[in-house]
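Let me begin by presenting the structure, written as structure tokens, before commenting on it.
The values are calculated or read from the model by the stated rules, or taken from the named source; none is laboratory data. These numbers come from a predicted model, not from an experiment. Note that each Cβ is placed from the backbone with ideal geometry, even for glycine, and that neighbours are counted across all protein chains shown. Note: areas computed on protein heavy atoms with side chains; ligands, DNA, RNA excluded. Shrake-Rupley method; radii C 1.70, N 1.55, O 1.52, S 1.80 Å.
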Amino acid sequence: MINDFKNIDYLKSGNSRQKLAYYEINEFKVFEKLKNYNPILTGTIPIEIDLPESDLDIICDCKNHSEFSKTLIEAFGNKSDFCIYSTKINGIKSTISKFKTKNFTFEVFGQNVPSEEQNAYKHMLIENWILKQKGLTFKEEIIKLKSSGIKTEPAFATLLGLKGNPYTELLKFNIKKTK
């Protein structure tokens with residue numbers, strides 16, 4: 001399993017979906033166009049628990065939402081099903097853009113929070129660590145739950161027996177001390 005998700009080169013030697021993701025991210029120059037925002041691919045595709053309909057989630061650190069929106073519109077506004085909006089998530093202003101390419105739906109997410117400190121990145125690192133600890137059967141059970149319509153974090157919470165909000169409960173894992 002991957003330990004450094006900040007450089008997408010690991011996708012080149014991954015499974016077929018990861019290779020295809022690498023190809024499309026590069027074909028459409030997504031990271032190149034977002035380079036000023038420290039983009040990181042997060043979600044289920046990097047940790048190989050994706051479903052056929054899973055999107056490519058890219059988180060960004062944007063200090064200025066107007067500038068970030070302008071960048072997104074200029075870079076991807078011509079893509080199929082392009083949309084962009086701002087909202088508050090956990091009390092933090094967030095700008096979100098979605099668009100489709102040949103094989104994927106992209107979701108680009110920006111907050112004025114360093115990318116490595118955003119919850120999507122933290123969740124992915126924790127989930128990756130748990131998958132390493134629990135093994136293949138656990139991974140297959142996560143995918144099975146996801147296939148039944150359960151989102152990723154609630155699927156982990158279910159199998160781990162976590163109580164409360166699965167998004168906040170997962171963040172309580174301290175993987176640095178338990179490696």
Rounded to whole Å², per residue accessible area for the chain with a 1.4 Å probe reads 53
The Rg/Rh figure for region 62-165, Cα atoms and Kirkwood Rh, to two decimals is 1.04
Of the accessible area of region 21-179, computed with a 1.4 Å probe and all protein chains kept, carbon and sulfur make up a percent value of 50
Residue separation between Asn38 and Ile89 times 0.36 nm, minus their alpha-carbon distance, gives in nm 16.4 nm
The extension gain from Thr158 to His65, computed as 0.36 nm times the residue separation minus the Cα-Cα distance, is 29.9 nm
re region 28-102: pairs of Cα atoms spaced beyond 17 Å account for a percent value of 47
At R0 = 22 Å the Cβ-Cβ FRET efficiency linking Lys29 and Glu169, nearest 0.05, sits at 0.05
Each label sits 7 Å from Cα toward the beta-carbon; between Lys151 and Ile96 the label points are separated, in nm, by 0.9
Over 29 Å (Cα to Cα) among Lys29/Lys172; Lys63/Lys132; Lys19/Lys63; Lys12/Lys63; Lys12/Lys151; Lys33/Lys102 -> Lys29/Lys172; Lys63/Lys132; Lys19/Lys63; Lys12/Lys63
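Could you state the orientation-averaged shadow area of the convex hull built on the Cα atoms of the chain, in nm² to one decimal?
The orientation-averaged projected area of the Cα hull of the chain comes to 10.2 nm².
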One finds, for Glu74 and Glu53 with R0 = 25 angstrom and r their Cβ-Cβ distance, a FRET efficiency to the nearest 0.05 of 0.35
